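The values are calculated or read from the model by the stated rules, or taken from the named source; none is laboratory data. These numbers were taken from a predicted model, which means no experiment stands behind them. Every residue, glycine among them, receives a Cβ derived from its backbone with ideal geometry; neighbour counts consider all protein chains shown.
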Amino acid sequence: MLRIMLAIISVFCLASMTFAQFTFYLIDNFEGGNFLEGSKWWRFGDLTVKTLENQPVVGRDLIAESCGTYSLSLSGETNDWYVGGIGTDIGVDASEFSRFQIDISGNEEYHGKLIVEFFDDDNNNYTIEQDPQKNYMPIFDDKWVAEINIQGKGFTRTSIPFSAFKDVNPGVGDDIWNPDQKNGSGGLMKLQFVAISENQKGKVDFTIDNLLLTY
């Protein structure tokens, strides 16, 4: 009887572990402590990017505690709203997920917006072809965009449902959110962040951490 009970418990534990493996997909949490441009991430525009050691957590702040030792600092100046951005290749089947999640800590003086851009593969070749003559817009695939208003200091967790992302290139691709790896599609291929100043001539200064696809 004891062996049977132990076997049942083991099955439940294994099932729980298997389920936990698929509750989120970690894009990056920057715990490597070094932002290597040209390896996993690329940078564009005049954005300054570097890893930043997080300050010790004061009191009970579960979000700040989850940010670990390092986060990624994004800062820069602009004369016309746009500062710059970063991007990374993902190449994942995101059909089992419904949200994008990110932790952001802003600046008391400089706010602005963080534009989140996803690209899904619609011509089934594991590639996002882009036109450099048209601001690198996709030629055959969908581009999906959502905006986050950057708040003050202290990490704030933002969770955006995929249904809130807007297709900004209608008529290109199939105009359907379908980030699955079927029929030769690479699924959700690419993520980019674009930093926008609060004022036309202004600055941005914030950090990001814990980039996830989740339920």
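Quick check on A20: is it surrounded by fewer than 17 Cβ atoms within 10 Å (Cβ to Cβ) and either of a type in the set (G, A, S) or modelled with pLDDT of 95 or more (or both)? Yes; evaluated as a whole, the condition is true for this residue.
Let's see how each residue does on (1) out of contact with any Ser or Thr (no Cβ under 6 Å at 6 or more places or on another chain); (2) assigned to a loop (DSSP other than H, G, I, E, B); (3) without any contact (Cβ under 8 Å) to a residue 60 or more places away in the chain:
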position	(1), (2), (3)
Y25	yes, no, no
G32	yes, yes, yes
R43	yes, no, yes
L52	no, no, no
I63	yes, no, no
I86	yes, no, no
I90	yes, no, no
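Restricting attention to region 108-127 and to residues that are in a loop (DSSP other than H, G, I, E, B) and modelled with pLDDT of 95 or more, the residue that is nearest to P170 (Cα to Cα) turns out to be D122.
Would it be correct to say that S66 is at pLDDT 95 or above, surrounded by 12 or more Cβ atoms within 10 Å (Cβ to Cβ) and closer than 15 Å to D205 by Cβ? Answer is no for this residue. Of the residues making up region 128-146, just one is charged (D, E, K, R), assigned to a strand (DSSP E or B) and farther than 17 Å from W177 by Cβ, namely D131. Looking at region 192-215, is at least one residue surrounded by 15 or more Cβ atoms within 10 Å (Cβ to Cβ), in a loop (DSSP other than H, G, I, E, B), out of contact with any Leu (no Cβ under 6 Å at 6 or more places or on another chain) and among the aromatic types (F, W, Y)? No, the conditions are met nowhere in region 192-215. Selection of first residues in region 144-172 that are at pLDDT below 95 and of second residues that are surrounded by fewer than 14 Cβ atoms within 10 Å (Cβ to Cβ) and part of a loop (DSSP other than H, G, I, E, B), restricted to Cβ pairs under 6 Å at least 6 apart or on distinct chains, gives the following pairs, ordered by first then second residue: G152/E108; K153/E108.
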